[in-house]
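Novice: One structure follows; several queries about it will come next.
Nothing in this text is a laboratory measurement; each read-out follows from the coordinates by a stated rule. Computed from a predicted model, the values in this text were never measured in an experiment. Neighbour counts are summed over all protein chains in view; Cβ atoms, including those assigned to glycine, are modelled from backbone coordinates with ideal geometry.
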Amino acid sequence: MSLETSLSPQRLVLFLSEIFSAILFFLFLREASLLFIKQKRRFTKPVNLPVVNLDGNNYRAAEESYVTDLITLLKEGREKGVMGDKFFVDVIRPEIPATLKTSLNPKLDWRPFHVYPKCLRMISLISGRIFVGPDLNRDEKWITTNIDFTIDLFRGGEAVRRLPQLLRSAAINLRLVPKVNRMWDQERYAMRVLIPILKQRIKEQTEDPDMDRPKDMLQWIMEYSRSVNPPLSLERQAKTQLILGMSAIHASSIATVNFIYDLMARPEYLKPLREEVDRVWEESNGELDKPAMSKLVKLDSFLKESQRLHPAAHITFDREITNKKGFTLSNGLHLPQHTHYAVASSLIAKNSEPWQNPEEFDGLRCAKLRENPADHSKFHFVSTNPYHSMAFSHGKHACPGRFFAANEIKTIMAYMIRHFDMKPVQGKEKRPESVVFGHNLQPDPSVEILIRKRQEW
Ligand code: HEM
């Protein structure tokens, strides 16, 4: 038999698939015997993945590792006024024109603007200013790591969920899921960059306890880490930073991209939005401070309507019943322990009460509803309501970053609407459909629009 025949492509494929099947079979046996030996109740084995323990649905472990830290940090930030409007106005807002300039490249002629990657970049830069401070937030490698981590995390989670449950932990531990491998690389990079900064700060602040401390999330994480028992390791602090960046970048970029897609599909809104932005901008001398922000009622309404019809996910309030006795709902339905449930937030957002013609896009819907003094505070972008507004969830665990996100997105959009003309590419006027993966919705990442420096003032 010649060498050529023995290595024919068909035989090679057959050979490789046999090896692959053998590996899978081996992994299966390994997992099954492990489970058998350990007599695990559940047919899963938790795996150390960033953010959520995707395997084993071990939500409690995930919450313990990350969510508790993040919520405390965000709450602390707000209490210190650092995540609040003052810091936003003083520190973040001036950052916006600078970051937008690098992303928007304003010229007098129409230029293509690739919406999704540009928004990811803008949000990453701006959030980075508050998270890691001015030195690192403009570092290209840091920006791309944050963006890639955000993308890989969701895609990696999806790839893992597609595998049979018994094979998941083995596939991850054997590094067979490329997106998960990349996430680990990104984590390692975050540690490499952040740990020396943390060490340097610890040194300086120990030597001079009265020194002015940086006003960024890295600093709060450091301070928070010391206040818990046991203190968070430097590795954990670095990871927390990356995770927080992800929470901030992912959903905020989606909301910004959707805002732009909705505006492009309904150009008639540009005029009323621009009139409002111009008026508020001039009244506040371009400061867009707290009172100014609250006057951007139409912009807020458009953003909420865009999110109502194009949320980042079909569900929210994703929970597991952990109580041994289960939980009985007010209507008598009993949910036993380990039941997983979620709220169909995208359906709730189409409730006919209070939304009339809920399938219809009405960018000024909430602005009109807010005219009624009784409803004045109910229909803000950040307002949550179990009957009609669950995009940020509701209650104790409602998104704590939504105030920051609202300020960030509104400032970006106000800046863009004031300084740039935007229009869809000819023939692409229809609103792009979102891409669905699992219960998540992602705005079409391929869309370009046209943008130029504003011509008429
Ligand atoms: C438009 C942007 C955003 C949307 C739509 C959004 C949406 C959500 C949703 C639906 C939840 C789940 C709550 C639940 O399970 O009940 C959540 C939780 C969370 N979000 Fe956001 N979010 C956004 C921006 C942000 C930002 C900018 C940050 C950080 C600065 C952030 C940090 C968090 C954290 C830490 C949690 C966990 C809260 C908990 O479990 O108690 N989010 N977010």
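Novice: Around residue 437, which amide H atoms from residues at least 5 apart in sequence, or from another chain, sit under 5 Å from its own amide H, with H modelled in the peptide plane?
Specialist: 442
Novice: Roughly how many debye, to the nearest 20, is the charge dipole of the range 46-453 about its Cα centre, given +1 on each Lys and Arg Cβ, -1 on each Asp and Glu Cβ, and no other charges? Please report the intermediate quantities before stating the final value.
Specialist: Values: 58 positive and 51 negative charges, 130 e Å.
So the dipole magnitude of the range 46-453 works out to roughly 620 debye.
Novice: Using a basic spin-label model with each label point 7 Å from the Cα along Cα→Cβ, how many nm lie between residue 102 and residue 10?
Specialist: So the two model labels end up 5.6 nm from each other.
Novice: Take the Cβ-Cβ distance between residue 163 and residue 233 as r, set R0 to 30 Å, and report the resulting FRET efficiency rounded to the nearest 0.05.
Specialist: Details: r = 30 Å, r/R0 = 1.01.
Efficiency, from the Cβ-Cβ distance: 0.50.
Novice: Measure up 179/430; 271/410; 215/290; 118/430; 298/423; 101/453 against 23 Å on the Cα-Cα distance and list the ones that go over.
Specialist: Numbers: 179/430 32 Å; 271/410 16 Å; 215/290 19 Å; 118/430 20 Å; 298/423 20 Å; 101/453 11 Å.
In this structure, 179/430 exceed 23 Å between Cα atoms.
Novice: Report the net charge of residues surrounding residue 155, where surrounding means a beta-carbon distance below 14 angstrom and charges are Lys +1, Arg +1, Asp -1, Glu -1. Write out the running numbers ahead of the final one.
Specialist: Details: positive: 161, 162, 179, 182; negative: 148, 152, 158.
Overall, the nearby charge balance is +1.
Novice: Quick check for you: which residues of the range 331-359 have the amide N under 20 Å from the point 7 Å beyond the Cα of residue 387 toward its beta carbon?
Specialist: The answer is 331-332, 343-359.
Novice: Sequence-distant or interchain residues sharing an amide H contact under 5 Å with residue 317, placed H: which?
Specialist: Distant-sequence amide H within range of residue 317: 343.
Novice: Computed over the Cα atoms of the range 46-453, what is the convex hull's projected area averaged over all directions, in nm²?
Specialist: On the way: hull surface 88.9 nm².
Mean shadow area of the hull around the Cα atoms is 22.2 nm².
Novice: ³J(HN,Hα) across the range 372-380 via Karplus (A = 6.51, B = -1.76, C = 1.60, θ = phi - 60°), whole Hz, x for Gly/Pro?
Specialist: The phi angles translate into 6, x, 5, 9, 3, 9, 8, 10, 6 Hz.
Novice: May I pose another question? Can you list the HN-Hα couplings for the range 436-448, worked out from phi with the Karplus curve (6.51, -1.76, 1.60; θ = phi - 60°), rounded to whole Hz and with x for Gly and Pro?
Specialist: Using θ = phi - 60°, the values come out as 9, 9, x, 9, 8, 10, 10, x, 3, x, 8, 6, 10 Hz.
Novice: Work out, step by step, the length gained on full extension between residue 335 and residue 284: first 0.36 nm times the residue separation, then minus their alpha carbon distance; give nm to one decimal.
Specialist: Net length gain for the segment: 13.1 nm.
Novice: Hey, could you grab the Kirkwood Rh for the range 358-453? Inverse mean 1/r over distinct alpha carbon pairs, Å, one decimal. Write down the numbers at each step before the final one.
Specialist: On the way: mean 1/r = 0.0610 Å⁻¹.
About 16.4 Å, per the Kirkwood formula over Cα pairs.
Novice: With only alpha-carbon pairs counted, each pair once and no self-pairs, how large is the Kirkwood hydrodynamic radius of the range 402-457 in angstroms?
Specialist: Values: mean 1/r = 0.0733 Å⁻¹.
After inverting the pairwise mean of 1/r, the radius is 13.7 Å.
Novice: Report relative contact order for the range 275-425 in percent, whole number only (criteria: Cα-Cα under 8 Å, sequence separation at least 6). Please list the in-between numbers first.
Specialist: Values: 187 pairs, mean separation 38.3, N = 151.
Value for the range 275-425: 25 percent.
Novice: Per residue of the range 383-399, what does 6.51 cos²θ - 1.76 cosθ + 1.60 with θ = phi - 60° give for ³J(HN,Hα)? Whole Hz please, x for Gly and Pro, Karplus curve as stated.
Specialist: Computed from phi, the couplings for the range 383-399 are 5, 10, 7, x, 9, 8, 9, 10, 4, 9, 6, 7, x, 4, 9, 4, 3 Hz.
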